Amino acid sequence: MKFVDEASISVFAGKGGNGCLSFRREKFVERGGPDGGDGGDGGSVFLRADQGMNTMVDYRFQRVYRAESGQSGRGRNCTGAGGSDLELPVPVGTTVLDEDSGEILGDLVAAGDRLLVAQGGFHGLGNTRYKSSVNRAPEQTSPGSEGEQRSLKLELNVLADVGLLGLPNAGKSTFIRSVSAARPRVADYPFTTLIPQLGVVKVDALRSFVVADIPGLIEGASDGAGLGIRFLKHLTRNRILLHLVDVAPMDGSDPADNALTIIREIERFSPTLAARERWLVLNKTDLIDEDTLAEIRARVIDVLQWTAPIYTISALAHDGTDRLCQNMMDYLERCVEDEALDPELVIAERQAQQAMQEESRERAAILRARRHGKEELEDEADDDDDHDVEIEYAP
């Protein structure tokens, strides 16, 4: 199934049913009086987090959704049937925004979470409602109100405790294969991972966490190079970022410079994300000797001015991965314990995630504006072309 992490849809709540104008008409019953019933309420539109979904692909083909309208009231004080609510399933981890105002309507982060996005219209009143001591035969009714309608933007940010960062071929896919049951593609060429991959790491029988393999970054990713920053937003929910560095790159480049490249791209993408807990992992240590590894480690620490945790592993040989996973599990459990004792930490974490997501949207908007401007320049150049060859630019 194609991985789609964004979608724009329009939702329309149902209209409330109109009130009925009716009078009782029965044999041998004089002046029966009003008996017009109320209409039914219109159906509302809800979004529900579904554990079984992991993509927005269905919302790329159908973009308009309508809840059922309420029925009009009837005589004999019969109330019209209410419209059925419409419930749309979305993946867990979906952020819902009003596309017109940019307002965040809600965040569905747990299976079963339910969010009202369009309220159904209120029912109209039948003429029975307007009966009084001075108005025994009212001919007044009220129509049902219109239901809400919204243009929504759905953004999926995968839920994972640990996110993997690094250049292409840094060994991220090999690492996630080594420590979990996930089986992403591994090959000797860059960009073998094209979509985020999730794996569950079991430290022991009752302790586990989720790790996300994000497609590799290259220099200029924050400006749209390579796969760009499309998938970086999936790191905004991670508690730990593992920055994998290849200590023996095939192109002979400097591991310290490669690590610095990734850090600069993250800082340009989101300063808040760059300030998150980040551990450095020197990978592929089985390809070099201990003395060379010690020199590379010292240079990386010096160039990056690194003070956070640093590990040396060989994901392919399973060397050092057990200790790294155990330390990550301990850190994640401490985060949970600290938040249980201090509710302010929960608020701070939520605010940090919102800030990262907002920064990612702003960066994406800048890239879209640049791309749009470039396309306009290309169109103008094409108009001035006096040759017989017509050039078509692919979108």
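The values are calculated or read from the model by the stated rules, or taken from the named source; none is laboratory data. The structure displayed is predicted, hence computed values, not measured ones. A quick note on method: Cβ atoms are made from the backbone with ideal geometry, for glycine too, and the neighbour counts reach across all protein chains shown. For accessibility, only protein heavy atoms count, side chains too; no ligands or nucleic acids. Shrake-Rupley method; radii C 1.70, N 1.55, O 1.52, S 1.80 Å.
Return the calculated 222 nm mean residue ellipticity for the chain, to the nearest 500 deg cm²/dmol, obtained by summing -39500 (n - 2.57) across DSSP H runs with n ≥ 4 and dividing by the residue count. Per the formula, -9000 deg cm²/dmol. Relative to the longest principal axis of the Cα atoms of the chain, helix 290-304 runs at roughly 50 degrees.
Seen through its C-alpha gyration tensor, with square-root eigenvalues sorted a ≥ b ≥ c, segment 315-374 comes out oblate because a/c lies at 1.5 or above while a/b is not bigger than b/c. For the chain, the fraction of 1.4 Å probe accessible surface lying on carbon and sulfur atoms is 48 percent.
Using a 10 angstrom cutoff on alpha carbons, build the Gaussian network for the chain and name the most mobile of 339, 26, 146. Top of the fluctuation ranking is 26. Per-peptide packing, taken as the mean over residues of other Cβ atoms within 10 Å, places 12-23, 340-351 in the sequence 12-23, 340-351 from highest down.
Judged by the ratio a/c of the largest to the smallest principal axis of the C-alpha gyration tensor, segment 277-376 counts as oblate, that ratio being 1.5 or greater while a/b is no larger than b/c. Seen against the Cα atoms of the chain and their longest principal axis, helix 321-341 is set at about 40 degrees. Take the alpha-carbon centre of segment 242-317, take the same for segment 1-73, and report the distance between them in whole Å. If you average the Cα positions of each part, the centres end up 55 Å apart. Seen from all directions on average, segment 1-50 presents a Cα convex hull projection of 6.7 nm². In this structure, the amide hydrogen of residue 10, modeled 1.01 Å from its nitrogen in the peptide plane, lies closer than 5 angstrom to those of 64, 65, 152, counting only residues at least 5 positions away or on a different chain.
Descending by average beta-carbon neighbour count within 10 Å, the peptides 307-320, 325-338, 37-50 line up as 37-50, 307-320, 325-338, the highest first. Measuring r between the beta carbons of residue 330 and residue 206 and using R0 = 22 Å, the FRET efficiency lands at 0.95.
Taking amide H positions as modeled 1.01 Å from N, with prolines and chain starts lacking one, the residues under 5 Å from residue 78 and 5 or more places away or on another chain are 37.
Among the listed pairs 153/284; 15/131; 202/284, those whose Cα-Cα separation exceeds 31 Å are 153/284. What the pair-distance distribution of the chain shows, using all Cα-Cα distances binned every 10 Å from zero, is 5, 17, 23, 19, 13, 9, 7, 4, 2, 1, 0 percent. Per residue, the average separation of C-alpha pairs within less than 8 Å and at least 6 apart gives the chain a relative contact order of 13 percent. Summing +1 for each Lys or Arg and -1 for each Asp or Glu among the other residues whose beta-carbon sits under 10 angstrom from that of residue 266 gives +2. Among 257-263, 137-143, the peptide with the highest mean count of other Cβ atoms within 10 Å heads the list, and the full ranking is 257-263, 137-143. For the chain, the longest principal axis of the C-alpha atoms and the axis of helix 343-383 are separated by about 90°.
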